[in-house]
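S.K.: This is the structure, below, for whatever I ask next.
What follows is calculated from the coordinates using simple rules that are stated; it is not laboratory data. Please read these numbers as outputs of a predicted model, since none were measured by experiment. We place every Cβ from the backbone using ideal geometry, glycine too, and count neighbours over all the protein chains shown.
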Amino acid sequence: MMRRVFFSVVTTLLLFARGADSFAAPDTPPMRVVQVDLDYVYDADPAQLERNLENLVTRIRAMNISAVFLQAFADPKGTGLASALYFPNKSLPVQADLFGRAVRELQTRANVKVFGWLPVLSFDLGDDISPVLAWDPATDKAERDPKAYRRLSPFDMNARAKISEIYEDMAREAPIDGILFHDDAMLSDFEDASPSALKAYSRAGFPASIKEIRADAGTMEKWTAFKTMALIDFTQELATHARLYRPDLLTARNIYAPVALDPENRTWFAQDYDRFLDSYDYTAVMAMPRLEDIPEAQSDAWLKRLVVAASRRANGLQHTIFELQAVDWRKQAKGESRAIPAETLDAEMQLLTREGAVNFGYYPDDFVTNTPDTTILYKDFSLQTHTYQP
């Protein structure tokens with residue numbers, strides 16, 4: 001079957017070549033994604049909650065996009081720690097039985113795939129489960145890093161069992177199309193120093209302490225790879241539990257931009273871009289220059305480098321989602337308006353498209369204030385105006 005392509009007077013040979021490449025692969029349409037905080041929808045007043053949900057669904061339907069990464073845990077303070085959930089479960093309090101209904105409404109009325117977004121390690125499951133600890137070379141002690149996510153050790157079998165049960169409960173309660181594994185699935189170059197982690201390292205043939213591991217560059221590199229695969233294996237285990245109820249689940253996982261740009265940065269996070277591309281349907285790169293303190297004058301060049309990094313991997317562009325930021329959290333900390341102008345976000349989407357990116361989206365979305373303004377984003381974000389669509 002021959003499909004039509006529409007040209008404009010501004011079409012260049014380079015854009016045509018990139019368009020023809022995507023045009024030749026109609027079975028993998030581009031992903032346009034919005035990551036949504038269900039905390040924005042929840043309200044103690046049932047009538048207001050209904051209005052909020054209706055506004056969200058109406059807004060997403062009008063965007064005409066591919067998917068929503070939908071928060072399934074309550075995090076009103078923005079700490080990343082899940083102490084309550086938006087679906088019935090056996091492990092944590094239920095903030096409201098809202099997630100399953102929101103999934104169905106978005107699927108049936110907005111015609112999008114919905115990925116359930118949960119932490120991997122950041123759950124408040126009590127003090128009897130080992131937390132991730134960081135070794136402090138100044139004191140030679142292992143303590144929680146106060147600047148990092150509060151996480152449970154992936155090497156603690158009780159933690160693994162309880163978190164697996166949460167993922168299983170989410171899939172049972174909601175007809176999700178996929179899972180987004182949050183960016184809390186990381187371990188620094190001083191983590192994990194918990195007793196359960198040290199035992200796992202010993203079983204794998206590593207020295208008895210992080211101090212000894214860090215003393216040798218070769219051992220350090222192998223240790224980073226070991227932790228990276230441990231986290232990947234755990235997320236795969238979580239997906240397996242969810243697939244007991246949703247066998248066709250897709251998977252996506254957040255990755256920090258520095259890791260995608262430079263393999264040397266794997267040590268800081270225990271994340272590996274190439275292994276992510278091999279392990280998940282989508283790797284959601286946090287393409288957020290302000291989050292990385294990139295100067296405004298350099299942000300475009302920085303985004304271009306991210307696209308180039310993806311293009312150098314086999315199928316990297318097809319399996320990478322570039323996730324832009326709609327707010328500047330640094331300004332919020334200063335008491336200033338945190339919203340990034342929709343025109344800026346739109347220009348970044350245009351840049352990604354020009355450079356050859358296939359899939360992109362943004363976080364967060366504020367349907368209450370129409371932030372970002374979707375009438376501005378529509379022409380460069382909506383699938384309906386995407387020239388590669390049939």
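S.K.: Take the residues in the stretch 194-218 that are assigned to a helix (DSSP H, G or I) and surrounded by fewer than 16 Cβ atoms within 10 Å (Cβ to Cβ), then tell me which one is farthest from the chain's Cα centre (by Cα). Give the derivation first.
M.R.: Keep residues of the stretch 194-218 that are assigned to a helix (DSSP H, G or I), which gives 195-203, 210-214, 217-218.
The next check asks that each one be surrounded by fewer than 16 Cβ atoms within 10 Å (Cβ to Cβ); those that pass are 195, 199, 202-203, 211-212, 217-218.
Values: 195: 29, 199: 30, 202: 31, 203: 31, 211: 32, 212: 33, 217: 30, 218: 30 Å.
Looking at the filtered set, the residue picked out is 212.
S.K.: When you look at residue 67, is it among the aliphatic types (A, V, I, L, M) and surrounded by fewer than 16 Cβ atoms within 10 Å (Cβ to Cβ), yes or no?
M.R.: Values: among the aliphatic types (A, V, I, L, M): yes; surrounded by fewer than 16 Cβ atoms within 10 Å (Cβ to Cβ): no.
For residue 67, the condition - among the aliphatic types (A, V, I, L, M) and surrounded by fewer than 16 Cβ atoms within 10 Å (Cβ to Cβ) - is not met.
S.K.: Has the stretch 360-372 got at least one residue that is assigned to a loop (DSSP other than H, G, I, E, B) and touching a Ser or Thr at 6+ places or on another chain (Cβ under 6 Å)?
M.R.: In the first step, residues of the stretch 360-372 are kept if they are assigned to a loop (DSSP other than H, G, I, E, B); the result is 364-365, 367-370, 372.
With the extra rule that they be touching a Ser or Thr at 6+ places or on another chain (Cβ under 6 Å), the set shrinks to none.
No, there is no match, as no residue in the stretch 360-372 is assigned to a loop (DSSP other than H, G, I, E, B) and touching a Ser or Thr at 6+ places or on another chain (Cβ under 6 Å).
S.K.: I'd like to check something: does the stretch 135-149 contain any residue that is within 20 Å of the chain's Cα centre (by Cα) and not basic (Lys, Arg)?
M.R.: yes
S.K.: Somewhere in the stretch 286-304, is a residue among the β-branched types (Val, Ile, Thr), under 16 Å from residue 259 (Cα atoms) and more than 17 Å from the chain's Cα centre (by Cα)? Step through it out loud before you land on a result.
M.R.: As a first pass, look at the stretch 286-304 and keep what is among the β-branched types (Val, Ile, Thr): 294.
Next, only the ones that are under 16 Å from residue 259 (Cα atoms) stay: 294.
If we keep only those that are more than 17 Å from the chain's Cα centre (by Cα) too, we end up with 294.
Yes, the stretch 286-304 contains at least one residue that is among the β-branched types (Val, Ile, Thr), under 16 Å from residue 259 (Cα atoms) and more than 17 Å from the chain's Cα centre (by Cα).
S.K.: Just give me the residues in the stretch 113-157 being aliphatic (A, V, I, L, M) and touching a residue at least 40 places away in the same chain (Cβ under 8 Å), in sequence order.
M.R.: Here is the first cut: in the stretch 113-157, the ones aliphatic (A, V, I, L, M) are 114, 118, 120-121, 125, 129, 132-134, 138, 142, 148, 152, 157.
Once the filter is applied, which keeps residues that are aliphatic (A, V, I, L, M) and touching a residue at least 40 places away in the same chain (Cβ under 8 Å), the stretch 113-157 yields 114, 118, 120, 121, 132, 133, 134, 142, 148.
S.K.: Considering only the stretch 303-318, I want to know if a residue exists there that is in contact (Cβ under 8 Å) with a residue 60 or more places away in the chain and either charged (D, E, K, R) or at negative phi (or both). Lay out the reasoning, then the answer.
M.R.: Of the stretch 303-318, the ones in contact (Cβ under 8 Å) with a residue 60 or more places away in the chain are 318.
With either charged (D, E, K, R) or at negative phi (or both) added as a condition, the list becomes 318.
Yes, some residue in the stretch 303-318 is in contact (Cβ under 8 Å) with a residue 60 or more places away in the chain and either charged (D, E, K, R) or at negative phi (or both).
S.K.: Let me ask something additional. Identify the single condition in (1) within 22 Å of residue 183 (Cα to Cα); (2) buried (at least 20 other Cβ atoms within 10 Å of the Cβ) that residue 366 does not satisfy, given that it satisfies every other one.
M.R.: Only one criterion is unmet by residue 366, namely (2).
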